[in-house]
1. Around Thr59, with a cut-off of 12 angstrom between Cβ atoms, what is the net charge of the other residues, counting Lys and Arg +1 and Asp and Glu -1?
2. Quick check: with the 1.4 Å probe, what order do Arg258, Arg186 take by accessible area, largest first?
3. Once the whole set of protein chains is in place, how much accessible area is left on Asp484, using a 1.4 Å probe, in Å² to the nearest 10?
4. Please list Val199, Val360 in order of solvent-accessible area, largest first, computed with a 1.4 Å probe with all protein chains present.
5. My understanding is that a pair violates if its Cα-Cα distance is over 31 Å; which of Lys395/Lys480; Lys88/Lys165; Lys342/Lys411; Lys27/Lys240 do that in this structure?
6. Can you give me the solvent accessible area of Ile413 with a 1.4 Å probe, rounded to the nearest 10 Å²?
7. Which whole-Hz ³J(HN,Hα) couplings does the range 389-399 yield from phi under the Karplus relation 6.51 cos²θ - 1.76 cosθ + 1.60, θ = phi - 60°, glycine and proline marked x?
8. Would you pull out the residues with amide H under 5 Å of His183's amide H, same chain only if 5 or more places away, H placed 1.01 Å from N?
Amino acid sequence: MTQQVVQPKSEPWTYFLIRLLFKFVLKIFYGSIIVENEHLIPPNGTPAIICSNHTNSLTDAILLIAAVPSKRRNLLRMTAKDTQFGKKTFTSWLIESVGTVPIKRRQEHGDTADNMLAMTSLVESLRVGDCVCLFPEGMSRYHPGMAPLKTGVARIVSDTLSAEKDNPLFELTLVTCSITYMHRERFRSDVLVSFNPPVKLRPKDFPQLIQPVDFSVIRSLTAFMQSQISSGTIDAPDWKTVRVAKLAARMYAPLGTRMTLGDHVRVTRVFSDAFSGVTSRKWEESVKDEGGWVSDTSAKKEELVIRDSVAPTTQEASQEYRERLAKDLGEYQDLLAHLGIKDERIRRALPRPFLFYRIVIRVVWMAILLAISIPGLLLWLPVYLTTSYAVWRFKMSGPIWDTFDEIAQYKMIYGLGAGAVVYSICLLITWPILPITFWAIPLLMWLTVRWWEDAVSAARALNALMRLFLLGRHELGRTKLWRDGLHKRVMELSQELGLPDDPESYFARRGGKEKGRVRGKWESGSRYFSLKRRRKRDWNEALRWYDVTDYPNMDN
């Protein structure tokens with residue numbers, strides 16, 4: 001017997017326009033948005049829940065709306081805290097216009113928070129074939145580690161299956177999603193949206209979820225979701241661990257390795273678990289495409305087997321070794337940040353004559369790019385000033401742990417508004433030649449982003465080359481010896497963690513076309529004007545004059 005697919009609801013025009021608008025805004029703000037496994041999303045008319053980690057406030061919801069293909073789901077039913085509703089702001093209109101369901105949180109309402117109506121509305125939406133998007137962490141966070149998931153999603157699953165217990169054809173698909181921002185608030189940084197293998201839930205197959213339900217079953221399903229979401233992102237206990245894990249990943253798979261963003265995130269996660277003392281899965285297990293959930297203690301038993309398979313003294317010695325390596329990597333990264341260079345510059349130390357040649361080339365190239373960017377930069381200047389002032393005012397409104405996760409949202413919304421004003425003023429000024437400037441102005445602004453991105457990249461390389469040139473041979477030699485010792489220890493740890501021995505060939509076979517310079521004159525020339533184009537070869541880069549390796553208030 002096959003499941004009866006419900007006729008999907010029509011897409012509201014406001015939802016269509018908002019998705020189209022923010023697809024454009026997201027592709028301008030972020031350098032690349034890589035979406036993995038979108039084929040796992042059930043088609044229109046199939047009841048489904050998409051639940052994700054929550055690190056970037058409203059941007060997370062906008063990102064999922066843009067990432068989910070409209071051919072598979074023409075509407076996502078979103079949720080948001082009720083304090084966002086009923087305000088005379090663009091954000092409030094945006095949330096309300098797409099049919100978002102208000103949720104009362106304990107942070108604002110305390111023990112009086114009652115979401116019975118919201119839960120009923122979501123269950124009814126699922127019963128008629130909608131796709132509901134939820135963030136079970138409960139609130140957006142600044143900290144790099146995932147918060148314990150609330151049990152709301154599991155309870156909605158139970159309520160929905162209970163309401164359809166007499167329908168043998170009913171099937172609810174639960175899809176978890178892992179979102180990873182390389183630098184969530186940075187312009188032209190990169191984002192990974194990875195959909196995990198779904199769980200198909202039928203009342204007849206999961207009678208333990210039919211009411212009355214044992215709360216241990218609810219906790220078991222919630223724990224499964226937490227494990228699945230966490231496995232696809234960098235879930236670290238603190239920012240220092242993220243910092244050294246990213247450095248270890250770059251040393252293991254050096255610059256130029258054709259490696260997808262997904263693989264880069266998974267490798268970083270493996271090192272993060274190793275440095276934080278978490279019993280991590282082997283690399284083969286982390287890339288295994290499997291899903292499923294059972295409501296028993298088998299997961300706990302498996303975890304105990306993994307932990308007990310190594311003698312306690314060996315575990316302690318191994319963890320002490322990893323912590324010492326993390327400390328040494330942190331000190332090495334401090335030196336790199338002080339020198340203003342990347343690890344790659346130490347790995348491939350160039351002769352001084354060749355350094356001088358590269359410096360001359362970078363100066364000339366940067367000067368050319370800056371010259372042709374000036375007209376477009378004049379158009380971008382009001383946008384930059386508006387967003388900078390808005391973000392500065394917002395940062396002053398509270399502590400960093402309360403504001404950091406909303407910076408990207410403020411930049412995009414104020415940037416969109418300021419850009420629209422600049423565009424309108426330019427059209428009014430050039431009214432006699434409107435048919436030309438209508439297209440020419442946005443084209444010029446987009447090309448300026450391209451040229452400015454390349455100019456900043458050239459300036460960043462120029463700064464590193466000049467610092468290397470002035471460093472001196474003896475100091476560079478000592479640093480190179482230190483780096484070689486750290487690299488040897490990182491590769492030994494990678495073998496212990498089950499990572500591939502030859503990352504450059506392995507990840508190229510796994511589909512590393514997304515990273516590195518495009519190949520061929522035609523491909524390079526045509527993709528220069530594409531929103532999907534990538535010239536940078538390091539997933540850690542953003543539009544900054546320096547390599548972003550530090551995080552605000554890492555000790556918090």
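The values are calculated or read from the model by the stated rules, or taken from the named source; none is laboratory data. Note that this is a predicted model, so its numbers are computed, not measured. Counting neighbours? That spans all protein chains shown, and the Cβs are built from the backbone with ideal geometry, glycine included. All accessible areas refer to the heavy atoms of the entire protein, side chains included, with ligands and DNA or RNA removed. Shrake-Rupley method; radii C 1.70, N 1.55, O 1.52, S 1.80 Å.
1. Working: positive: Arg184, Lys411; negative: Asp60, Glu185, Asp405, Glu406.
Neighbourhood net charge equals -2.
2. Numbers: Arg258 65, Arg186 45 Å².
Largest to smallest exposure gives the sequence Arg258, Arg186.
3. 60 Å²
4. Numbers: Val199 5, Val360 65 Å².
Reading off the accessible areas and sorting them downward yields Val360, Val199.
5. On the way: Lys395/Lys480 40 Å; Lys88/Lys165 43 Å; Lys342/Lys411 28 Å; Lys27/Lys240 29 Å.
Pairs exceeding the cut-off: Lys395/Lys480; Lys88/Lys165.
6. For Ile413, the solvent-accessible surface is approximately 30 Å².
7. 5, 5, 5, 4, 4, 5, 4, 6, 7, x, x
8. Asp190
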